[in-house]
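Participant: I have a structure here, written as structure tokens, and I will follow up with some questions on it.
The values are calculated or read from the model by the stated rules, or taken from the named source; none is laboratory data. These numbers were taken from a predicted model, which means no experiment stands behind them. Neighbour counts are summed over all protein chains in view; Cβ atoms, including those assigned to glycine, are modelled from backbone coordinates with ideal geometry. Accessible surface areas use protein heavy atoms only, side chains included; no ligands, DNA or RNA. Shrake-Rupley method; radii C 1.70, N 1.55, O 1.52, S 1.80 Å.
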Amino acid sequence: MIVDILTIFPGIITPALSESLLGKAVDEGLLEINVHDIRDFTEDKHQSVDDAPFGGGAGMVMKVEPIYKGVKACIDSQPNLQSTVIVTSASGRRFDQQYAEELSRMEHLIVVCGRYKGIDARVMELFDVREVSIGDYVLTGGDFAALVMIEAMARLIPGYMSKFEAAETDSFTSGLLGYPEYTRPKEFMGLEVPEVLISGHHENIRKFRRRKALEKTLHNRPEMIDSIELNEEDKSIINELRSENSDSR
Ligand code: SAH
């Protein structure tokens with residue numbers, strides 16, 4: 001997969017790409033990430049990327065021409081790949097694990113990071129753009145949003161996790177939140193690791209983890225329970241958890 005990022009702050013993005021597993025994935029060629037400065041696509045001597053909004057009001061708007069040229073250059077640089085243009089936007093479609101999975105199967109992603117009051121809306125008409133938001137809050141710029149999306153998407157690229165982690169047990173992948181994990185030491189400040197995890201009894205460990213995942217989901221994100229298919233074992237665990245909960249009230 002190739003990812004092109006267009007930003008006016010390459011200094012925010014570039015260091016994050018060389019660290020940790022994302023850095024390794026880039027080193028190992030699972031992923032190629034190119035960071036482009038939108039100013040390089042300007043033609044005036046001040047390299048201006050923003051201007052005052054038509055219609056008035058405070059703040060500045062990112063100009064259409066440099067972004068058009070930048071996105072076009074990225075698309076043209078990969079004539080044999082299917083390019084997908086993403087514009088980070090607080091008013092975009094909400095990013096989630098399912099969307100990360102969809103993106104991880106793409107050939108070429110072009111991610112545009114907005115700033116100021118946002119981007120001239122004509123960018124969205126010039127290309128087949130997906131406007132994407134990472135959550136219901138407003139950031140100062142799209143750079144961290146782009147990193148969040150790329151980080152979530154990259155770890156799902158085939159080959160990435162098999163090397164470093166296990167995606168199947170993550171929150172959301174199973175439709176539930178993740179179960180709690182423990183590592184050495186067995187006891188810390190009087191807190192013992194749950195006995196069952198040391199028992200070596202795989203079936204009991206599986207059941208314990210499933211119960212904990214259901215318990216956490218029921219507590220933190222109850223609406224998720226309604227949208228997944230529960231088996232008989234899950235249903236009886238949920239009934240138990242619900243009655244424990246009402247007993248303790
Ligand atoms: N006026 C805009 C907010 C602009 S914030 C509005 O009301 O929607 C400036 C830039 O930050 C945006 O162009 C976008 O690229 C980025 N941004 C802000 N919040 C974001 C979010 N929740 N998800 C993704 N990008 C976001």
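Participant: Taking 0.36 nm per intervening residue step and subtracting the Cα-Cα distance, what contour gain separates Asp136 from Leu230 on full extension?
Facilitator: Value of the extension gain: 30.9 nm.
Participant: Which peptide among 34-42, 237-245, 204-212 comes first, and what is the full order, when sorted by highest mean count of other Cβ atoms within 10 Å?
Facilitator: 34-42, 204-212, 237-245
Participant: If you take the beta carbon distance between Asn245 and Glu203 as r and set R0 to 35 Å, what does 1/(1 + (r/R0)^6) give as a FRET efficiency, to the nearest 0.05?
Facilitator: FRET efficiency, Asn245 to Glu203: 0.85.
Participant: Also, I was wondering about something else. Which of the pairs Lys72/Lys117; Lys24/Lys117; Lys117/Lys216; Lys24/Lys235; Lys24/Lys207; Lys24/Lys45 have their Cα atoms more than 31 Å apart in this structure?
Facilitator: Lys24/Lys117; Lys117/Lys216; Lys24/Lys235; Lys24/Lys207; Lys24/Lys45
Participant: What does the extension gain come out to for Met60 and Glu125, with contour length at 0.36 nm per residue minus their alpha carbon separation?
Facilitator: Here the segment from Met60 to Glu125 would lengthen by 21.4 nm.
Participant: Please work out the average accessible area per residue across the chain, using the 1.4 Å probe convention, and give it in Å².
Facilitator: In whole numbers, the chain has 59 Å² accessible per residue.
Participant: Expressed as a whole number of Å, what is the distance separating the alpha-carbon centroids of the range 1-57 and the range 181-249?
Facilitator: Cα centroid of the range 181-249 versus Cα centroid of the range 1-57: 42 Å apart.
Participant: Under 8 Å for C-alpha pairs, at least 6 residues apart: give me the relative contact order for the chain, rounded to a whole percent.
Facilitator: 17 percent
Participant: A follow-up question, please. How far apart, in nanometres, would the label points at Glu195 and Glu151 be if each is projected 7 angstrom from Cα along the Cα-to-Cβ direction?
Facilitator: Spacing of the two 7 Å Cα→Cβ label points: 3.9 nm.
Participant: While we're here: Under a Cβ-only charge scheme (Lys and Arg +1, Asp and Glu -1), can you give me the dipole magnitude of the chain about the Cα centre, in debye to the nearest 20?
Facilitator: Computed charge dipole of the chain: roughly 280 debye.
Participant: Can you list residues from other chains, or at least 5 along the same chain, whose modelled amide H is less than 5 Å from the amide H of Ile5?
Facilitator: Sorted by chain and number, the residues that satisfy this are Asn34, Val35, His36, Val111.
Participant: What are the ³J(HN,Hα) values, in whole Hz, obtained from phi via the Karplus relation 6.51 cos²θ - 1.76 cosθ + 1.60 with θ = phi - 60°, for each residue of the range 21-36 in sequence order, with x given for Gly and Pro?
Facilitator: 5, 4, x, 5, 4, 5, 4, 8, x, 5, 8, 10, 10, 10, 9, 10
Participant: Right, another one. For the range 134-230, what mean projected area does the convex hull of the alpha carbons give, in nm²?
Facilitator: For the range 134-230, the mean projected area of the Cα convex hull comes to 9.4 nm².
Participant: So for the range 90-197, averaging the separation of alpha carbon pairs under 8 Å that are six or more residues apart and normalising by length, what relative contact order in percent results?
Facilitator: Once divided by the residue count of the range 90-197, the mean separation gives 30 percent.
Participant: Which residues in the range 124-144 have a backbone N closer than 13 Å to a point placed 7 Å from the Cα of Arg94 along the Cα-to-Cβ line?
Facilitator: In the range 124-144, the label zone of Arg94 (backbone N under 13 Å from the point 7 Å along Cα→Cβ) covers 133-137.
Participant: Only Cα pairs within less than 10 Å get springs; with that Gaussian network setup on the chain, which residue of Leu191, Leu147, Leu177 has the largest fluctuation?
Facilitator: It is Leu191.
Participant: When you count, for each residue, the other Cβ atoms within 10 Å and take the mean per peptide, how do 72-82, 112-122 rank with the highest first?
Facilitator: The densest-packed peptide leads the list: 112-122, 72-82.
Participant: Whole-Hz ³J(HN,Hα) for each residue in the range 42-53, computed from phi via Karplus 6.51 cos²θ - 1.76 cosθ + 1.60 with θ = phi - 60°, x for glycine and proline: what do you get?
Facilitator: 8, 10, 7, 6, 8, 6, 7, 10, 9, 7, 5, x
Participant: If I compute solvent accessible area with a 1.4 Å probe over the protein chains, what percent of it on the chain is carbon and sulfur?
Facilitator: Solvent-exposed carbon and sulfur of the chain make up 51 percent of the total.
Participant: If you don't mind, there's one more thing I want to ask. Could you run the Karplus curve 6.51 cos²θ - 1.76 cosθ + 1.60 with θ = phi - 60° over the range 83-93 and give me ³J(HN,Hα) per residue in whole Hz, x for Gly and Pro?
Facilitator: Result, rounded to whole Hz: 9, 10, 9, 10, 10, 5, 7, 5, 9, x, 5.
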